[in-house]
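Working notes, beginning with the structure itself.
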Amino acid sequence: MDSMVRNPDVKQRDAAQAVVVAVSSDAIFDPEVEQVHGATEPLRKGDAFSFMKAIQVVNERLLTMNSDETLLFDVILLSNDSEEKHSRIIASAKHYGLDIGRFCFCNKEDSIESLQSNNVKLFLSTDTNDVCKALQKGVPAALLYRPTDPHHQTEDQLKVVFSGDVIGSSEEMLHGLREQGFTETQLQGFKTAKGSVKEFAVLMGEMRRRFGLEGSPLCTGLMTVWSSRNVCASALKTLRGWGLLVDEAFCLAGAPRSPILNLVQPHILCLDGLYHMEGFTGMS
């Protein structure tokens, strides 16, 4: 059973037209740091706090260009915290001026059902396990990237990086993975990840076209980590077919991805369906 609380300080979006994203509260507010000033003080900023600021910049620019714009980000904060912490989470969001339209409080076991019932286009968390579980249940999900130094992650441009390993995949590539010993369950997870990211990619393409080539508050990229350059090219072609022309593309072909991620500092990092599965080691 979940409890949905609307934020009266934030204008509610049209959920049928908006890009509804659900964000784990543990990503926005630090769940580990002991709050030394007591329960009345705002929660400290979490690893992905800059994501919330960047997403607000996108919405503000869209509304500046067209006050009747409906293609906006609509943020739901998803929390599995105890009931006594609910009011503090809401107060902290208001304290920092975060554009969170709704707060969803539920048990961890009910999180997937809550995501499915609220027309969520993308679930975001810094916890890879939670992202993978959502993907396995058919819920579009991505990782909120944890920068080495959160202070260096931009707040005035939202950066989204898609997985070329997923988007450029083919039956031939999946056959090769099958021969390497991957199970049908694992391969199905890979296919599910590709299918779930399409709607979000289409929406990002439509939103990105609202802005010009220069000075856009939304930057999209593609990263192919362990697949060949042919897969990278196929992914770019697929994204173009979905209406998304990425601003940046990185075809690593097995090279470590950490240096690029540290350089790009994305907010949203879409995972491939084999990530964090037994038998597969992603390039660090």
Margin query: Just to verify a result, which residue in the stretch 215-231, among those that are in a loop (DSSP other than H, G, I, E, B) and at pLDDT 90 or above, is surrounded by the fewest Cβ atoms within 10 Å (Cβ to Cβ)?
Written below: Gly215
Next item on the list: Say whether the condition of being farther than 30 Å from Asn119 by Cα, among the small types (Gly, Ala, Ser) and either out of contact with any strand residue (DSSP E or B) (no Cβ under 6 Å at 6 or more places or on another chain) or open to solvent by 10 Å² or more (accessible area, probe 1.4 Å) (or both) is met by at least one residue in the stretch 164-185.
Entry: yes
Next item on the list: Scan Gly243, Gly195, Gly189, Gly254 and give me the residue that is out of contact with any Phe, Trp or Tyr (no Cβ under 9 Å at 6 or more places or on another chain), in a loop (DSSP other than H, G, I, E, B) and open to solvent by less than 60 Å² (accessible area, probe 1.4 Å).
Entry: Gly243
Checklist line | Failed condition for Ser87, given (1) open to solvent by less than 60 Å² (accessible area, probe 1.4 Å); (2) farther than 30 Å from Val202 by Cα | finding: (1)
Next item on the list: Just name the residue that is nearest to the chain's Cα centre (by Cα) out of those in the stretch 121-140 that are surrounded by 19 or more Cβ atoms within 10 Å (Cβ to Cβ) and closer than 16 Å to Ile28 by Cβ.
Entry: Leu124
Notebook entry, point to check: Are any of the residues in the stretch 22-44 closer than 21 Å to Val202 by Cα, crowded, with 17+ Cβ neighbours inside 10 Å, in contact with a Leu (Cβ under 6 Å, 6 or more places away or on another chain) and not aromatic (Phe, Trp, Tyr)?
Noted result: yes
Check: Which members of the stretch 110-168 meet the condition of being of a type in the set (A, V, I, L, M) and assigned to a strand (DSSP E or B)?
Finding: Leu122, Leu124, Ala141, Ala142, Leu143, Leu144, Leu158, Val160, Val161
Check: Looking only at the stretch 141-159, which residues are in contact with an Asp or Glu (Cβ under 8 Å, 6 or more places away or on another chain) and open to solvent by 40 Å² or more (accessible area, probe 1.4 Å)?
Finding: Arg146, Pro150
Notebook entry, point to check: Can Pro147 be described as in contact with a Lys or Arg (Cβ under 8 Å, 6 or more places away or on another chain) and either closer than 19 Å to Ile28 by Cα or at pLDDT 85 or above (or both)?
Noted result: no
Note to self: Within the stretch 83-96, does at least one residue satisfy the condition of being modelled with pLDDT under 95, more than 19 Å from Pro42 (Cα to Cα) and not aliphatic (A, V, I, L, M)?
What the structure shows: no
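The values are calculated or read from the model by the stated rules, or taken from the named source; none is laboratory data. Computed from a predicted structure; not experimentally measured. A quick note on method: Cβ atoms are made from the backbone with ideal geometry, for glycine too, and the neighbour counts reach across all protein chains shown. What goes into the accessible areas is simple: the full protein's heavy atoms, side chains included, and nothing from ligands, DNA or RNA. Shrake-Rupley method; radii C 1.70, N 1.55, O 1.52, S 1.80 Å.
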